[in-house]
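Structure first, then comments.
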Amino acid sequence: MANIIPFAFRGELFSGTHNFANGGDAFKIALYTSNPYSTSSTVVLTTNEVSSAGSSNYERKALASQAVASGTAVASVDFADSTWASATFTAAFAAIYNDDKSDKLCVVLDFGGNKTATNGTFTVSYPDPSTPANAIISMA
């Protein structure tokens, strides 16, 4: 399965709901054990979210270093990599959402299978946005 951009997100961009500029809205990432979303999803959910119980060291993370770029035919946004230190959990999906706008869902990331950390660092690395089409969120 590929990453999912919800249908609602596209319309929300044109209505000015999301401000990805640095200093704009606050965005977060949540991790999931299985995919709870479809293209019709509009907000982030807790269903199938990684457990924060015990010593998992899981919590939703704020995304830092928002950077908007545009090329001749592509606009994109990028973030600094997200890390969880001393993590003990498994995740197969992630969701990026707008924390300032009622948790509106922006994109669901498919890790292509389970990724596990056992008392180690769990990192979600975002692609190099120097080519805007490679960014984590891009529109042509």
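The values are calculated or read from the model by the stated rules, or taken from the named source; none is laboratory data. If you're wondering where the values come from, they're calculated on a predicted model, not measured in any experiment. Neighbour counts run over all protein chains shown; Cβ positions are idealised from the backbone, glycine included. Protein only, heavy atoms only, side chains kept; ligands, DNA and RNA dropped before computing areas. Shrake-Rupley method; radii C 1.70, N 1.55, O 1.52, S 1.80 Å.
So here's what we get for this one:
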| item | result |
| --- | --- |
| Fully extended contour minus Cα-Cα distance, from residue 139 to residue 48, at 0.36 nm per residue | 29.9 nm |
| Alpha-carbon centroids, region 1-75 and region 114-140: separation in whole Å | 12 |
| Of every Cα-Cα pair in region 32-80, the percent that sits beyond 13 Å | 73 |
| Protein accessible area in region 49-117, 1.4 Å probe - carbon and sulfur % | 46 |
| Inter-label distance for residue 33 and residue 131, nm, one decimal - labels placed 7 Å from Cα along Cα-to-Cβ | 3.7 |
| Under 21 Å from residue 115, Cα to Cα: lysines that are on another chain or at least 8 residues apart | 28, 61 |
| Convex hull per residue volume in Å³, alpha carbons only, for the chain | 105 |
| Residue-normalised accessible area of the chain, given per residue in Å² at a 1.4 Å probe | 49 |
| Extension gain from residue 40 to residue 69, taking 0.36 nm per residue of separation minus the Cα-Cα distance | 7.7 nm |
| Length gained when the stretch residue 5-residue 88 is fully extended (0.36 nm per residue, less Cα-Cα span) | 27.1 nm |
| Computed [θ] at 222 nm, deg cm²/dmol, the chain (DSSP H ≥ 4; -39,500 (n - 2.57); rounded to nearest 500) | -1500 deg cm²/dmol |
